[in-house]
Each structure stands twice: as C-alpha cells, then as structure tokens.
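Trainee: The structure that follows is given in the form of structure tokens.
The values are calculated or read from the model by the stated rules, or taken from the named source; none is laboratory data. Computed from a predicted model, the values in this text were never measured in an experiment. Please note: Cβ atoms are built from the backbone with ideal geometry, for glycine as well, and neighbour counts cover all protein chains shown.
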Amino acid sequence: MTEQITTELDGTVLRVKINRPEKKNALSAAMYLQIVDAFEEAATTRKIRALTLEGSQEVFSAGNDMDTFFDPQKSLEETPSYKLMKAVIEFPKPALASVCGPAVGIGVTMLLHFDYIVASEDAYFYTPFTKLGAVPEAAASHVMPRRFGNQMAAELLMFGEKIPARRAYDVGMINKLVLEKEATPIMLEAAHRLAELPPESVQQTKALMRGNTDELIEVAKREMILFGERTKTPEMHEAVAAFLQKRKADFAQFD
C-alpha cells in the first residue's frame with residue numbers, strides 16, 4: 001500500500017508530502033498522526049532546521065476525510081485532529097508549504113500557523129465549515145479576523161467562499177504566487193535559506209512573532225468542543241448528507 005504521508009530529509013530540511021491522490025489528499029485520522037510524528041521529529045532533532053509540507057501538483061488537500069466526520073469522539077486531547085493542531089501551533093522551527101490546486105478545511109486552517117507559503121496560480125483556499133453545519137478549527141476563528149480583518153474572515157469562515165490564489169496573495173494569506181511547476185522548488189529554496197541562518201536566532205524570532213501559543217490552543221480547544229457538539233445535531237447531519245448527495249440542504253425542517 002502506498003504511504004499516504006511520506007517524509008524525506010533534504011539536508012537540514014524535513015520534507016513532508018501528502019500522498020493520497022485517490023481521495024484528493026483528504027486527511028484520515030491515521031494521516032493526522034503521521035503528520036504529527038513528522039512535526040515532532042523535526043521539533044526534537046537538532047540537525048533539522050525547517051519543515052516543509054506539500055501535496056501534489058493537482059491538489060494540496062481536500063481537508064478532513066468526510067467518511068470520518070461522525071466518528072465517535074474520544075477525549076479532546078486524544079483526538080488526532082487536536083494532536084495535529086497542537087503540534088502545528090507549537091512547532092518551534094520554520095514551517096513552509098507549497099500549495100497547488102485546492103486547499104480545503106484543515107488544509108487551509110493549519111497553514112495559518114505556517115511561516116511561509118508558496119501557491120500556484122491555480123490554487124484556491126476554501127473553508128466550508130458553515131456549509132457543512134460545522135464551526136472553524138485550528139484557532140482560525142481567532143487568527144483570521146486579526147490577520148485579514150473581519151470582512152475577509154467572514155467571507156472565508158461564515159460564507160465559505162472559495163478564495164483564489166491571486167486574492168489570497170493580495171490579502172497576505174500567502175507569500176508568493178507562482179506557476180504550478182515552480183511552487184515546490186521555490187518553497188524548498190526558501191526553506192534552505194532559512195536553514196542556513198543561525199537556528200536559535202530564527203526560532204526565537206518566530207516565537208516572538210507568534211506570541212502566546214497557549215491562547216491559540218485554548219481557542220482551538222473551544223472550537224473543537226463546539227465542533228464535536230455540532231456533529232450530534234440534525235442540522236449538521238442534513239448539511240453533510242446534502243453535500244455528499246450533491247443536493248440542496250433543507251434546513252426549514254428544523255424551524
């Protein structure tokens with residue numbers, strides 16, 4: 001069976017790749033934990049100076065695997081999604097990503113905690129939480145309004161609009177907008193440039209810029225608690241069923 005998350009040490013840069021093309025790189029619980037392992041390896045290995053994340057040239061990630069939306073909930077700290085969010089938020093070293101094609105849901109929200117993002121011209125960013133009867137995750141409800149303003153955050157999180165790469169670049173969601181074939185090489189070049197700088201200086205600078213990670217994790221916890229509660233509601237079940245069946249949802253039945 002093909003590895004769905006692959007890692008490769010490129011000098012002092014740990015490359016992580018999402019490799020599940022048959023599911024448009026949707027993330028399962030097992031894949032969450034594999035990414036967590038990669039972040040933990042990079043965080044604790046001195047010779048690793050940066051981590052990069054990439055999908056394929058067709059799709060970055062379709063987000064959470066819809067087949068697991070209504071899985072029984074474990075305690076919050078035991079859920080793979082919480083472990084991933086915590087690992088990404090607390091990661092002390094530079095984290096970079098290249099995005100080609102769609103980035104959806106967690107494929108967008110985890111990038112809010114990355115330091116450098118290169119996107120191809122065909123990329124777009126889509127957080128359809130309300131369309132699925134859900135709420136945001138990964139502290140997106142805290143980070144997006146402060147970084148992009150309330151109006152842009154509302155487009156992403158309340159309306160669930162698809163934001164094309166050009167607009168994402170204009171509002172500061174990404175660092176560079178490039179041709180599809182250039183995204184990963186340009187990201188790797190940036191990662192190696194960072195890796196050549198004094199590592200403690202880079203990490204301390206990141207920590208100063210990021211600020212209080214405890215606050216971000218607390219927001220992510222509140223979001224996850226609400227998300228778990230939402231999965232038990234008829235409204236969310238109808239929203240997800242309508243999405244999977246490619247029909248218009250009927251929320252009037254709950255009035």
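Trainee: In the list Val135, Val143, Val178, which residue meets the criterion of being over 17 Å from the mean Cα position of the chain (by Cα) and either surrounded by 17 or more Cβ atoms within 10 Å (Cβ to Cβ) or not polar (S, T, N, Q) (or both)? Spell out the reasoning first.
Mentor: Details: Val135 fails: over 17 Å from the mean Cα position of the chain (by Cα); Val143 fails: over 17 Å from the mean Cα position of the chain (by Cα).
From the options Val135, Val143, Val178, the qualifying one is Val178.
Trainee: Report, by residue number, each residue of region 8-27 that is under 21 Å from Gly63 (Cβ atoms) and of a type outside the set (D, E, K, R). If you could, list the steps in order and put the result at the bottom.
Mentor: Going residue by residue through region 8-27, those that are under 21 Å from Gly63 (Cβ atoms) are 16-27.
Once the filter is applied, which keeps residues that are under 21 Å from Gly63 (Cβ atoms) and of a type outside the set (D, E, K, R), region 8-27 yields Val16, Ile18, Asn19, Pro21, Asn25, Ala26, Leu27.
Trainee: Among the residues of region 148-157, write down those that are surrounded by 14 or more Cβ atoms within 10 Å (Cβ to Cβ) and over 16 Å from the mean Cα position of the chain (by Cα).
Mentor: Phe148, Met152, Ala154, Glu155
Conditions (1) in contact with a Phe, Trp or Tyr (Cβ under 8 Å, 6 or more places away or on another chain); (2) touching a residue at least 40 places away in the same chain (Cβ under 8 Å); (3) surrounded by 16 or more Cβ atoms within 10 Å (Cβ to Cβ), marked per residue:
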position: Lys17; (1), (2), (3): no, no, yes
position: Glu22; (1), (2), (3): no, no, no
position: Ala26; (1), (2), (3): no, yes, yes
position: Met31; (1), (2), (3): no, no, yes
position: Asp37; (1), (2), (3): no, no, no
position: Thr52; (1), (2), (3): no, yes, yes
position: Gln57; (1), (2), (3): no, yes, no
position: Phe60; (1), (2), (3): no, yes, yes
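Trainee: Still on this structure: Given the conditions (1) surrounded by 20 or more Cβ atoms within 10 Å (Cβ to Cβ); (2) touching a Phe, Trp or Tyr at 6+ places or on another chain (Cβ under 7 Å); (3) not hydrophobic (A, V, I, L, M, F, W, C), and given that Tyr124 satisfies all but one, which numbered condition is not satisfied?
Mentor: (2)
Trainee: Something else about it: In this structure, does Leu208 turn out to be of a type outside the set (Phe, Trp, Tyr) and more than 30 Å from Glu235 (Cα to Cα)? It would help to see each step written out before you state the result.
Mentor: Details: of a type outside the set (Phe, Trp, Tyr): yes; more than 30 Å from Glu235 (Cα to Cα): yes.
So Leu208 passes the test.
Trainee: Do we have any residue at all in region 88-98 that's part of a loop (DSSP other than H, G, I, E, B), out of contact with any Cys (no Cβ under 8 Å at 6 or more places or on another chain), closer than 21 Å to Val219 by Cβ and touching a residue at least 60 places away in the same chain (Cβ under 8 Å)?
Mentor: We begin by selecting, within region 88-98, every residue part of a loop (DSSP other than H, G, I, E, B); these are 91-94.
Next, only the ones that are out of contact with any Cys (no Cβ under 8 Å at 6 or more places or on another chain) stay: 91-94.
Those still in the list that are closer than 21 Å to Val219 by Cβ too: 91-92.
Remaining after also requiring touching a residue at least 60 places away in the same chain (Cβ under 8 Å): 92.
Yes, the conditions are met somewhere in region 88-98.
Trainee: Got at least one residue in region 65-72 being under 23 Å from Lys221 (Cα atoms), buried (at least 23 other Cβ atoms within 10 Å of the Cβ) and not aliphatic (A, V, I, L, M)? Before the answer, list the steps.
Mentor: Taking region 65-72 first, the residues under 23 Å from Lys221 (Cα atoms) are 65-72.
Checking the rest, the ones that are also buried (at least 23 other Cβ atoms within 10 Å of the Cβ) come to none.
No - not one qualifying residue is present in region 65-72.
Trainee: Among the residues of region 51-74, how many are closer than 26 Å to Thr233 by Cα, modelled with pLDDT of 80 or more and polar (S, T, N, Q)?
Mentor: 1
Trainee: For Pro145, are the conditions met, namely being at pLDDT 95 or above and in a loop (DSSP other than H, G, I, E, B)? Even if it seems obvious, please write down each step before you answer.
Mentor: On the way: at pLDDT 95 or above: yes; in a loop (DSSP other than H, G, I, E, B): no.
Judged against the criteria, Pro145 is not a match.
Trainee: Gly172 - would you say it is within 23 Å of Met85 (Cβ to Cβ), of a type in the set (Gly, Ala, Ser) and surrounded by fewer than 16 Cβ atoms within 10 Å (Cβ to Cβ)? Steps first, please.
Mentor: On the way: within 23 Å of Met85 (Cβ to Cβ): yes; of a type in the set (Gly, Ala, Ser): yes; surrounded by fewer than 16 Cβ atoms within 10 Å (Cβ to Cβ): yes.
It is true that Gly172 is within 23 Å of Met85 (Cβ to Cβ), of a type in the set (Gly, Ala, Ser) and surrounded by fewer than 16 Cβ atoms within 10 Å (Cβ to Cβ).
Trainee: With a cut-off of at least 1 residues that are surrounded by 13 or more Cβ atoms within 10 Å (Cβ to Cβ), of a type in the set (A, V, I, L, M, F, W, C) and modelled with pLDDT of 95 or more, name the helices (runs of 4 or more DSSP H) lying wholly within region 181-255. Show your work before the answer.
Mentor: Values: elements: 183-195, 199-210, 213-230, 234-245.
Where helices (runs of 4 or more DSSP H) fall fully within region 181-255 and carry at least 1 residues being surrounded by 13 or more Cβ atoms within 10 Å (Cβ to Cβ), of a type in the set (A, V, I, L, M, F, W, C) and modelled with pLDDT of 95 or more, they are 183-195, 199-210, 213-230.
Trainee: Also, quick follow-up: Would you mind finding the one in Ala103, Ala119 that is over 26 Å from Glu196 (Cβ atoms), of a type in the set (Gly, Ala, Ser) and either buried (at least 20 other Cβ atoms within 10 Å of the Cβ) or in contact (Cβ under 8 Å) with a residue 24 or more places away in the chain (or both)?
Mentor: Numbers: Ala119 fails: over 26 Å from Glu196 (Cβ atoms).
Matching residue, one of Ala103, Ala119: Ala103.
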